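Structure, as C-alpha cells:
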Amino acid sequence: MKIRSSREAVIIGAVAFTLSWSWITAALAQAPPGSFANVVIAARAAPGCLGVETGQTASGKRIIFAWFENKKALVAWYHSDTHQRAMKTVFARQTFDRQPLPDLPEDSGPILAIVSVKFLDAPRPDATSMPISSIGIELYGPLPGGVAVGGRFAPDALKVRGLREIDIGTAEGQPR
C-alpha cells in the first residue's frame with residue numbers, strides 16, 4: 001500500500017510540475033527580454049502615451065502596441081533618450097538625423113505604433129548589436145465604428161468615434 005501511495009505522489013508531483021512549468025514558460029514567453037522591457041516601461045511613462053500592450057506571435061515575434069494621443073506625442077517619444085538608446089543598441093553603426101513622420105499632418109489624431117521584433121536564437125559571431133533577425137514599426141489610426149463587449153484591446157483613454165461598447169452582462173442577456 002505504501003508503494004502505491006509513493007507512486008501516486010510521484011505521478012501527482014510530476015503532473016503538477018509539468019502544468020506549472022507550462023504556465024511559467026508561457027508567462028516568460030510574454031515577458032520581453034532585457035532592454036526590450038525597459039523600452040516598454042519608458043513608453044508607458046512617456047507624455048502623450050495612452051497605453052502599451054505587449055505580446056508574442058505564433059512565429060516568435062515580440063510585439064509592442066503603443067497608443068499615442070497624436071503626432072506630437074509620438075515624435076517626442078522618437079526623440080526621447082530611451083528610444084534613441086534603443087535605436088543605437090539595435091543599429092550601432094547607424095546615424096539617426098532625420099525628422100520622423102514628415103508626411104503626417106500635425107492634426108493626425110491618435111496613432112497606434114506596432115513594433116514587431118524577431119530575436120535570433122543565437123547571436124551572430126560578427127554581431128555588433130542585439131541579436132535581431134527582423135524589426136518592423138508600423139503606424140495606424142483608429143477608424144470609426146467597431147464593437148467592444150465587456151472591454152477592448154485599446155486603452156480606455158483612446159476615444160473611437162462610433163465604437164459600440166456593450167456591457168458583458170447585457171450581451172449575455174442578464175439584467176443590469
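The values are calculated or read from the model by the stated rules, or taken from the named source; none is laboratory data. Just so it is clear, the model here is predicted, and its values are computed rather than measured. Cβ placement follows ideal geometry from the backbone for every residue including glycine, while neighbour counts extend to all protein chains displayed.
Worth a mention:
- Close Cβ contacts (under 9 Å, 6 or more residues apart or on different chains) running from residues in the stretch 59-75 that are in a loop (DSSP other than H, G, I, E, B) to residues that are among the β-branched types (V, I, T) comprise K61/V117; E69/I111; N70/I111.
- Put simply, of D81, D97, D121 the only residue that is closer than 19 Å to G48 by Cα and without any contact (Cβ under 8 Å) to a residue 12 or more places away in the chain is D81.
- Residue check, S22 exposed (fewer than 14 other Cβ atoms within 10 Å of the Cβ), modelled with pLDDT under 95 and of a type in the set (S, T, Y): yes
- Of all residues in the stretch 100-134, those satisfying the criterion of being of a type outside the set (G, A, S), modelled with pLDDT under 90 and part of a loop (DSSP other than H, G, I, E, B) are L120, D121, P123, R124, P125, D126, T128, M130, P131.
- If the condition is being farther than 21 Å from I63 by Cα and either of a type in the set (A, V, I, L, M) or touching a strand residue (DSSP E or B) at 6+ places or on another chain (Cβ under 8 Å) (or both), then the stretch 146-166 contributes G146, V147, A148, V149, G150, V160, L163, R164, E165, I166.
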